[in-house]
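Heads up, the thing below is written out as C-alpha cells.
The values are calculated or read from the model by the stated rules, or taken from the named source; none is laboratory data. All values derive from a computational prediction rather than experimental measurement. Here the Cβ is made from the backbone with ideal geometry for all residues, glycine too, and neighbour counts use every protein chain on show.
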C-alpha cells in the first residue's frame, strides 16, 4: 500500500468548519500537512537530488573551459534555478500520479472530501518546498565559484512563484488528463529531453536555429528563463512583460485542463 493511503484519514476534516474561505484554508492546511507527512521520505530524497543536480550543473560548466567566460557562467547559473523550480511539478509530479493510477490508489485519493482547487494549491506548495531550497543553494554556489554579478531584485518573488506555478500546473494537467501511466512517463521523459536540449534555459537562444527560437516563443520554458534572469541580473531585459503574460496564460490554461480532467468520471 502506498504511504499516502496509510495516512489518508488525516485529510478528512474533523468537527464543524464553516463554508467558504475559512473551510478552504482549513482544507488547504490539512492537505499540505498530509502531503508533507505521506511523502516525507520522497521529498527528502528529492531535495537532496535537486541540490546535487543544481550544484552539478553550476560546477559542471567549468569542465568545458580552462577559464569559464563570465557570460557563459552567468547564463547557466541563472538557468539552473528554472530547472530546480520545474523539476518537481512538471516531471516528477505526473510520474507520481502515474504510480497512483498503476497501484489503484488514484480513484481513492480523488474521493477525498476536498475541492480541486485545494488539492492543486496544496500540491503547488509542496512543489515550491521541493524546488526553492535547491534554487537558493545553486545560486549561492554559482556566486562563490564564479564571482557572478548577481543582483537579486524584488521581482524574484513573482518570477519564482509564476515559474513554479506554470510548471506545476502543466505537470498537473498532464498527470491527470492522460489515462495511461506508461504514456505519462514517456511524455515526461520527452519533456526532460526537450527542456535540456531545445529550450533556451541552459542553451542561449542565439545559438539555436531561427525556427526553433520562434517555436520556443509559444512554449512557457523560454519565458520562465526570461523572468527569472531578469530578476537575478542587473540591467534592462527585453520582453519581460510579454513573458509574464505568456506564463500566466499557460498556467491558467493548464489549471483549467487539470480541473476538467479531475472532474471527469470514469
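When each of 126, 152, 118, 141 is tested for being modelled with pLDDT of 85 or more and not in a helix (DSSP H, G or I), the lone residue that passes is 152. Per the conditions (1) touching a residue at least 24 places away in the same chain (Cβ under 8 Å); (2) closer than 22 Å to residue 257 by Cβ, the sole criterion not satisfied by residue 159 is (2). Being buried (at least 18 other Cβ atoms within 10 Å of the Cβ) and either at pLDDT 85 or above or closer than 18 Å to residue 162 by Cα (or both) holds for only one residue in 57, 75, and it is 75. Taken over the range 211-239, the criterion of being in contact (Cβ under 8 Å) with a residue 60 or more places away in the chain and either more than 19 Å from residue 191 (Cβ to Cβ) or surrounded by fewer than 20 Cβ atoms within 10 Å (Cβ to Cβ) (or both) is satisfied by 227, 229, 230, 231, 232, 233, 234. Scan the range 146-164 for residues that are buried (at least 24 other Cβ atoms within 10 Å of the Cβ) and either more than 29 Å from residue 241 (Cα to Cα) or within 10 Å of the chain's Cα centre (by Cα) (or both) and the total you get is 2. Among the candidates 62, 38, single out the residue that is modelled with pLDDT under 85 and surrounded by 18 or more Cβ atoms within 10 Å (Cβ to Cβ). None of the others qualify; the one that does is 38.
With respect to (1) closer than 22 Å to residue 242 by Cβ; (2) modelled with pLDDT under 90; (3) in contact with a helix residue (DSSP H, G or I) (Cβ under 7 Å, 6 or more places away or on another chain), the lone exception for residue 194 is condition (3).
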